[in-house]
Every structure is written in C-alpha cells, then in structure tokens.
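See below for the structure under consideration.
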Amino acid sequence: MNLSELAARLGCELKGDGSLEITGVAGMEQATSTEVTFLANPKYAHKLKHTQAGAVLLASPVEDLPAAQLISANPYLDFARALALFYQPPRPKPGVHPLACVAASATIGDNASIGPFVAIGENVVIGHNAVLHSHVVIYEGSSIGDDFYAHSHAVVREHCRVGNRVTLQNGVIVGGDGFGFAKRADGSHAKIVQSGVTVIEDDVEIQTLTSIDRASIGETRVKRGAKIDSLVQVGHGCVVGEDDIICAQTGLAGSTILGKSVLLAGQVGVSGHLTVHDGAIVYAQSGVGHDVSAGAVISGSPAFEAREWLRAITAFPKLPEILRTIRQLEKRLQTLEGKAAT
C-alpha cells in the first residue's frame, strides 16, 4: 500500500510523500527505502539520521529528516498495528484432521481447525473459529470460548474454563496440579488432591512452556487482558489481574494476588499469600515477601522501594572500603581513649 493509505489506516498525520509504496515494516537499522520503522524512545533519536527507512513513526515532527514522517500519539502501538497489516501468520484450513481424536460428546463451534494428533475429551465445549495445532490436548469437561488459538503441545486440563480470544503458545499447561503436599509423622509426603480449577478470562495470551496451576480448592484465575511470558510459574490459588504483564522466568507461589495493571519483570519471585496492588512495578530478579502498595516501584531481594535500592546497590561495592575505614577509626578511637585514661 502507499504511505497515504497507511497513514489513513493508522490515523496518523503524514509529513512527506504519500505516494511512496510501502512493502513492510522493520527496525531502524534494518529498514529499507520501502519500509516503515518507528521511534518510541527519545534516547534513540540519534539513530534517525542513519536510518534508510522510507518513513518513520514518531511522536513529534523532526526537522531535516529525509524519511517521511507519520506523527502518532503512540508510535510503538502504531508500529505493531502496521506490522499486522503487512504480516499475518499462516492459519490452517477449517476442518478436523483424520488423525485427531475428538470425543463424541464434545461440542466444537463453526470454522474450527483441529490438527493431527489433537485429543479432545468428553463433554468439552469449544467455541467458534478455534485453531488447535497438532498434539494439543483438551481434557474432559473443559469449556473454551470463541477464537481460541492453541499451538502444539498446549494442554487444558479437566474442567478448566477458558474465555474468548485466548492464545496458548507451545507447551503451555493450563490447570496442571498445584504443588500441594502434607507431611506425615514419618516425614513422608501425602499428596493434597487439587480439586479446584484454573480460569482464563478473555483476551489473555500465555507464552511458551508456562504453567498455570489449578487450585487445591476454589480456583486459580488469570483475568482479562493479562499477558504472561515464557517459563512462568503461576501457583495454585493465585489471581493474575486485568492487563497485568508477567515477564519470563517469574514465579508466583500459591495464593498470590496481583491487582490490575501490575508489571513483574523477568525472574521475579513472589513468596505467596500476599497482594501486589494495582499499578505496582517490580524490577527484574526481585524477591517479594510482603504486600506491595498500589503504584509502588520496588526492586531487590528482599524487595523494597526502587530508588532506595539503587542507592543501596551503589554503596554495596564500597562496603569493604567502608569497613576498613570503620576499623581504622575504631583503632584510632581506642588509642585516644587509652591516652586519655593515662
């Protein structure tokens, strides 16, 4: 499409040649004269003078920029929207592959694509437009809404509930047993039956090899719009709030409650039975062992207020020098006290 059409579809103000034919989108360093790139972070503005892109999405006009400019209120979002205009991942044709195993009591909506070696259990209900790639397994009694997309080896366990427009990437397990054991008098461990379910609400995406455990009693719930990265563990009885972002290798111990629009960066650990309130941000590799107030920004292990943590971590390498200084001062003080006593 030409640049004028792209600007209109994105709702951006165009500065430059609208007749330029655009063939795709790319990063600032890789873009060619027929591609669009973006500038979302001002600290990378110096790279604009080197880009070969035909057009740039940015928040405000830049003088003397050879490329055409698409002025956007949210360049990163509009870059994502432009990318979707030029690339759509392949979608399998509707139909049930002859090598799929679908229980007679299961109900599958219209326009579904069920790949080879998919297994769908008894009394399962799946809505319209579902795509289940090969080796997806849906246990008995599960209920799934419209526009479900499950990549190979994703699993939805028994009686779990999944909403509309949910995407499960490869190897996601929804509703695996929570990690619950009671210790016997002889030191051995008795398994606690995980009788609850996992509920995934609308517009959730869960990335590869992530596990959302079922509850021992009650439910584990991932609320509307949450996005969960790869290799994340959500323990039994947890609640992940609306529009939360949970980055890779994060672990939530049982009964953790996350409020709305919480951000947990990579490798965060949460000890469980606590609440991280709305809008809180937890920096990477933090260990959270207490409730976190709404809007707080914390870091470290144990985690505390991020600005204090930055000051503390700056001082940390200096501790040996500080310790030597203290010891020297102690010796001088002892010497002075000895002289004063005599």
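The values are calculated or read from the model by the stated rules, or taken from the named source; none is laboratory data. If you're wondering where the values come from, they're calculated on a predicted model, not measured in any experiment. Because the Cβ atoms are built from the backbone with ideal geometry, glycine has one as well, and the counts that use them run over all protein chains shown.
For the structure I just gave you, tell me whether ALA265 is surrounded by 24 or more Cβ atoms within 10 Å (Cβ to Cβ), within 12 Å of the chain's Cα centre (by Cα) and in the same structural domain as GLY141 (by TED's automatic domain parsing). So ALA265 fails the test.
Once the range 148-169 is narrowed to residues that are in contact with a His (Cβ under 7 Å, 6 or more places away or on another chain) and either in a strand (DSSP E or B) or not polar (S, T, N, Q) (or both), the residue that is farthest from ARG214 (Cα to Cα) is HIS151. Taking the range 241-257 as the range and being buried (at least 19 other Cβ atoms within 10 Å of the Cβ), outside any loop (DSSP other than H, G, I, E, B) and out of contact with any Gly (no Cβ under 6 Å at 6 or more places or on another chain) as the test, the residues that pass are ILE246, ILE257. Of the residues making up the range 64-73, those that are surrounded by 13 or more Cβ atoms within 10 Å (Cβ to Cβ) and either free of Cβ contacts under 8 Å to residues at least 24 places away in the same chain or not assigned by TED's automatic domain parsing to the domain that holds TYR44 (or both) are LEU65, PRO66. When each of PRO317, PRO302 is tested for being loosely packed, with under 14 Cβ neighbours inside 10 Å, assigned by TED's automatic domain parsing to the domain that holds VAL204 and of a type outside the set (Gly, Ala, Ser), the lone residue that passes is PRO302. Under 22 Å from HIS151 (Cβ atoms), buried (at least 19 other Cβ atoms within 10 Å of the Cβ) and out of contact with any Pro (no Cβ under 8 Å at 6 or more places or on another chain): is that true of THR208 in this structure? When the stated conditions are applied, THR208 does not pass them.
Looking only at residues of the range 74-93 that are within 14 Å of ILE22 (Cβ to Cβ) and among the charged types (D, E, K, R), we find that the one that is surrounded by the fewest Cβ atoms within 10 Å (Cβ to Cβ) is ARG81. List pairs: first in the range 140-151 and assigned by TED's automatic domain parsing to the domain that holds ASN164, second part of a loop (DSSP other than H, G, I, E, B) and acidic (Asp, Glu), Cβ under 6 Å, 6+ apart or cross-chain? From residues that are assigned by TED's automatic domain parsing to the domain that holds ASN164, the pairs are GLU140/GLU122; GLU140/GLU158; GLY141/GLU158. Of all residues assigned to the range 188-197, none qualifies as being assigned to a loop (DSSP other than H, G, I, E, B) and at positive phi.
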